[in-house]
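Chemist: Structure below; questions to follow.
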Amino acid sequence: MKNALEVLKERGYIEQMTHPKEMMELFSQNKCIPFYIGIDPTADSIHVGHFVSLMVAGYMQRCGNKPIILVGGGTASIGDPSGKTDMRKMMTREVIQHNVQAIKRQVEKFVSFEGENAAIIVNNADWLLDLNFIDFMREIGSLFSVNKMLAAECYKQRMEKGLTFFELGYMLMQSYDFLHLYNTYGCKLQIGGNDQWSNIIGGVELIRKIGKDDSYGLTFKLLTTKEGKKMGKTEKGALWLDPNKTSPYEFYQYWRNIEDESVETVLSLLTFLPMEEVKRLSSLKDEQINEAKKVAAYEITKLIHGKEEAEKAQEASNALFAGNGNLENMPTSKIENCNISIIDALIKANLAPSKSQARTLINQGGIMLNDEKVTDVNYNLSEKDFQKGYAILKKGKKIFHKLEF
């Protein structure tokens, strides 16, 4: 049986490790190793940006290791400056606590909270909010070099606009989290996205500075397109795991429409399919690669929203692209009167944010109504457009919306 690092390496997750040789020796012993990932509760839902980290946690647990899911109720009071050009808006403790509870329910889709190596969820507000500032700075702050911190990528990009001391403390707090989990739960490893490398190193080095030599860090690849842009951005913004923010159909369609070049990456990183099947599917060429995309979309949607919702989304997608299937699960808007202008219809369907944008889309040939290109910005829909009891609007090649009245 392969150990956790071998599985992660085979699937293409690993980007960097702090002590590769020592880590391979540790995991080759096939012991249960406690590890943690951190999620800042800046919203009441996880989005695709957290997806890879939770998949890594899932694979680590399947290989016999113990996940510690740290929800940053304390660090969210500051906000991680990594990848940010401006200081984050500070949230109240009540909002943070609400978000923590919502995130807990979503994490259960990836890791199990039962069994010998059951996952646990901890909130760093429990130990950070009551820290004594002077004691913390004497014991922890004294072990950090400001010069070294400012050389870290997460702070470099903030220097031009101005980095507050408030944010500078984030690395110290995240590092202290690792130390606390090390002392409390025997946590040996912190994992995170590649943009967390500097913060992870901070925690690993802090533990080693107090005389321990068995703390480690690992980062994994961020999910990006072939242009290097982060995956998970849609017309409406982030691709959320909450069905009230991103419907299962929209979620399915996102993965159904990925680039051909991304198929293997998505199947490897975001599903639990065996690698033999991943290789087979990603080797398909030309039109057949669409079958691999369908599998990816179904498997990922099933993981997040369950089998029933995945099948509904698949049915709706087949109805549009293959001429068969069920349209009931397509995003739908109700209108009171079928005599509505095409401009108002696009806004009602959230296919355009404003009338001027709607006109631009039509003038650029980007809108179809019932498979017919709309060329007249002054066109008014009528009963003839609703002969099936509904009308289908299409934006570009991949975005569909049903109108009913």
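Chemist: Under 6 Å between Cβ atoms, which residue pairs at least 6 apart in sequence (or on different chains) link something in the range 14-35 that is in contact (Cβ under 8 Å) with a residue 12 or more places away in the chain with a partner that is part of a strand (DSSP E or B) and among the basic types (Lys, Arg)?
Modeler: These pairs meet every condition: 32/66; 34/66.
Chemist: Another one. Being closer than 16 Å to residue 334 by Cα, out of contact with any Cys (no Cβ under 7 Å at 6 or more places or on another chain) and aliphatic (A, V, I, L, M) is the filter here; which residues of the range 378-405 pass it?
Modeler: Once the filter is applied, which keeps residues that are closer than 16 Å to residue 334 by Cα, out of contact with any Cys (no Cβ under 7 Å at 6 or more places or on another chain) and aliphatic (A, V, I, L, M), the range 378-405 yields 391, 392, 393, 403.
Chemist: Cβ-Cβ below 6 Å, separation at least six or inter-chain, first residue in the range 161-180 and assigned by TED's automatic domain parsing to the domain that holds residue 126 and touching a residue at least 60 places away in the same chain (Cβ under 8 Å), second of a type in the set (S, T, N, Q) and buried (at least 17 other Cβ atoms within 10 Å of the Cβ): which pairs?
Modeler: Filtered contacts from the range 161-180: 173/75; 174/199; 177/124; 178/190.
Chemist: Still on this structure: Of the residues that sit in the range 275-302 and are of a type in the set (Asp, Glu) and under 21 Å from residue 7 (Cβ atoms), which one is surrounded by the fewest Cβ atoms within 10 Å (Cβ to Cβ)?
Modeler: So in the range 275-302, the residues of a type in the set (Asp, Glu) come out as 276-277, 286-287, 291, 299.
With the extra rule that they be under 21 Å from residue 7 (Cβ atoms), the set shrinks to 276-277, 299.
Details: 276: 8, 277: 14, 299: 19.
Checking each candidate, the answer is 276.
For every residue, the table says whether it meets (1) part of a loop (DSSP other than H, G, I, E, B); (2) modelled with pLDDT of 90 or more.
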| position | (1), (2) |
| --- | --- |
| 299 | no, yes |
| 319 | no, no |
| 323 | yes, no |
| 343 | no, yes |
| 351 | yes, no |
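Chemist: Can you work out which of the residues in the range 356-393 that are outside any strand (DSSP E or B) and among the small types (Gly, Ala, Ser) is surrounded by the most Cβ atoms within 10 Å (Cβ to Cβ)? I'd like the intermediate steps shown before the answer.
Modeler: Filtering the range 356-393 for residues outside any strand (DSSP E or B) gives 356-366, 370-371, 374-379, 381-389.
Still in the running and among the small types (Gly, Ala, Ser): 356, 358, 365-366, 382, 389.
Details: 356: 10, 358: 22, 365: 11, 366: 17, 382: 11, 389: 8.
For the range 356-393, the residue satisfying everything is 358.
Chemist: For residue 396, all conditions in the list (1) closer than 30 Å to residue 267 by Cβ; (2) crowded, with 19+ Cβ neighbours inside 10 Å hold save one; what is the number of the exception?
Modeler: Only one criterion in (1) closer than 30 Å to residue 267 by Cβ; (2) crowded, with 19+ Cβ neighbours inside 10 Å is unmet by residue 396, namely (2).
Chemist: All but one of (1) crowded, with 19+ Cβ neighbours inside 10 Å; (2) within 25 Å of residue 18 (Cα to Cα) hold for residue 147, so report the exception by its number.
Modeler: Going through the list (1) crowded, with 19+ Cβ neighbours inside 10 Å; (2) within 25 Å of residue 18 (Cα to Cα), residue 147 breaks only (1).
Chemist: Restricting to the range 331-341, give me the number of residues that are in a loop (DSSP other than H, G, I, E, B), touching a residue at least 60 places away in the same chain (Cβ under 8 Å) and not hydrophobic (A, V, I, L, M, F, W, C).
Modeler: 3
The values are calculated or read from the model by the stated rules, or taken from the named source; none is laboratory data. Keep in mind that what you see is a predicted model, and the values were worked out from it rather than measured. Reconstructed Cβ throughout: ideal geometry from the backbone, glycine too, with neighbour counts over all protein chains shown.
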